[in-house]
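A quick write-up on the structure given underneath.
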Amino acid sequence: PFEEYFLTLEPQFLDNPLWVPKFSTFSVISEPSQFRQIEVPIIVGGIVRGRVTYAIGGEEFSAENLSVTIAPESGEKPGFPKTATSFSTGEFEFLGLAPGRYVVSLNASQVVQLGYQKTELTRTIEIRVLPDGDQINNVDFRLER
């Protein structure tokens, strides 16, 4: 009759890609012959976008198929780190990130393996709480060949 359930809300099933559950899991106790309304706190998150390029002889090119990772600056959070791959234009993006400080980085071994020279491979960013969500653009990486 009295059961405790642990629930997880997957952000990709919310109506807005910027909505993020404030808590990744929560518990509910069911009672016999009772209906219970569950209020789930949702916050508006952010989007992080950037581009990976490389230069040869002063000319700039898009670096495609490079792994870009984002992780909270301190502590571990469920669902992290997240990884994206740069498109043919060198661009990448992460949607629906909760407010906080993050580290965005390129895969150092992949950079070396593909023949790029190491430059700055990490960037620290902060997603703020804004009514319409925060957009962080120009998280760019420039490599040399």
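A few notes on this one:
- Length added when fully stretched, SER24-ASN65, from 0.36 nm per residue minus Cα-Cα: 11.8 nm
- Remark: the LYS118-ASN138 segment gains 5.3 nm on full extension, using 0.36 nm per residue and subtracting the alpha carbon distance.
- Carbon + sulfur, % of accessible area of the chain - ligands and nucleic acids excluded, 1.4 Å: 49
- Region 55-145: relative contact order as a whole-number percent, Cα under 8 Å and 6+ apart: 28
- Average accessible surface area per residue within region 36-145, 1.4 Å rolling probe, Å²: 58
- Euclidean distance of C-alpha centroids, region 12-41 and region 57-103, integer Å: 28
- For peptides 85-97, 4-16, sequence by mean Cβ density within 10 Å, most packed first: 85-97, 4-16
- Net lengthening on full extension, GLU4/THR89 (0.36 nm per residue, minus Cα-Cα): 25.7 nm
The values are calculated or read from the model by the stated rules, or taken from the named source; none is laboratory data. This structure is a prediction, so every number in the text was calculated from the model and none was measured. Note that each Cβ is placed from the backbone with ideal geometry, even for glycine, and that neighbours are counted across all protein chains shown. Ligands, DNA and RNA are excluded from the accessible area calculation, which covers all protein heavy atoms including side chains. Shrake-Rupley method; radii C 1.70, N 1.55, O 1.52, S 1.80 Å.
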